[in-house]
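Working notes, structure below.
The values are calculated or read from the model by the stated rules, or taken from the named source; none is laboratory data. As the structure is a prediction and not an experimental result, all values here were calculated from the model. For neighbour counting, all protein chains shown are included, and Cβ atoms are generated from backbone atoms with ideal geometry for every residue, glycine included.
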């Protein structure tokens with residue numbers, strides 16, 4: 001898989017996305033990778049992300065999924081949009097003691113101004129914990145550019161899932 005370069009970092013005044021801005025002091029600092037037909041993100045929770053003891057808050061799970069699904073629109077469709085509808089299904093608790101979770105999202109359908117994307121949260125040992133279906137209102141190219149969309153490009157380096165996990169977990173440990 002290859003890292004999707006975040007085109008807004010350092011280039012866009014006012015960029016402070018809670019999900020993907022690495023400089024947002026209270027943000028989730030998500031990074032994204034293209035893996036064939038999926039956008040993938042490896043994410044590590046912290047002590048402030050709990051609802052019940054050692055359990056990732058359901059609203060944050062929805063945020064993670066909305067963000068990874070949105071990057072399908074940004075990268076695969078090469079435009080921007082807004083979430084019109086999101087349907088969540090929580091299957092298993094997500095532990096904040098896990099070293100990471102794997103988020104995956106893929107395009108199910110794209111018709112004119114609507115895109116349907118499926119997102120999933122997986123435990124480190126491969127258990128499906130939560131899933132969603134998001135419908136996005138997708139902007140036409142000229143409107144997206146007017147609103148600050150920048151094309152999302154891929155880094156040249158090919159990485160395995162294990163290499164990405166090591167990078168994310170190691171980076172979080174250094175903080």
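Some notes on this structure:
Listed here are the residues, each with its yes/no results for (1) modelled with pLDDT of 95 or more; (2) over 22 Å from residue 164 (Cα atoms).
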position: 34; (1), (2): yes, no
position: 51; (1), (2): no, yes
position: 75; (1), (2): yes, no
position: 81; (1), (2): no, yes
position: 93; (1), (2): yes, yes
position: 109; (1), (2): yes, yes
position: 115; (1), (2): yes, yes
position: 122; (1), (2): yes, no
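- Test for residue 57: is it over 30 Å from residue 145 (Cα atoms), more than 13 Å from the chain's Cα centre (by Cα) and at pLDDT 95 or above: yes
- Residue selected from segment 62-73 under the condition in contact with a strand residue (DSSP E or B) (Cβ under 6 Å, 6 or more places away or on another chain) and crowded, with 24+ Cβ neighbours inside 10 Å, by the criterion nearest to residue 141 (Cα to Cα): 73
- Candidates 151, 140, filtered to the one that is over 30 Å from residue 54 (Cα atoms), within 17 Å of the chain's Cα centre (by Cα), surrounded by fewer than 14 Cβ atoms within 10 Å (Cβ to Cβ) and at pLDDT below 95: 151
- Scanning segment 93-135 for residues that are under 22 Å from residue 34 (Cβ atoms), loosely packed, with under 15 Cβ neighbours inside 10 Å and touching a helix residue (DSSP H, G or I) at 6+ places or on another chain (Cβ under 9 Å) yields one hit, 124.
- Options 120, 109: the member that is touching a strand residue (DSSP E or B) at 6+ places or on another chain (Cβ under 9 Å), part of a strand (DSSP E or B) and either within 20 Å of residue 29 (Cα to Cα) or in contact (Cβ under 8 Å) with a residue 40 or more places away in the chain (or both): 120
- Of all residues in segment 19-42, those being closer than 21 Å to residue 76 by Cα and either assigned to a strand (DSSP E or B) or out of contact with any helix residue (DSSP H, G or I) (no Cβ under 7 Å at 6 or more places or on another chain) (or both) number 14.
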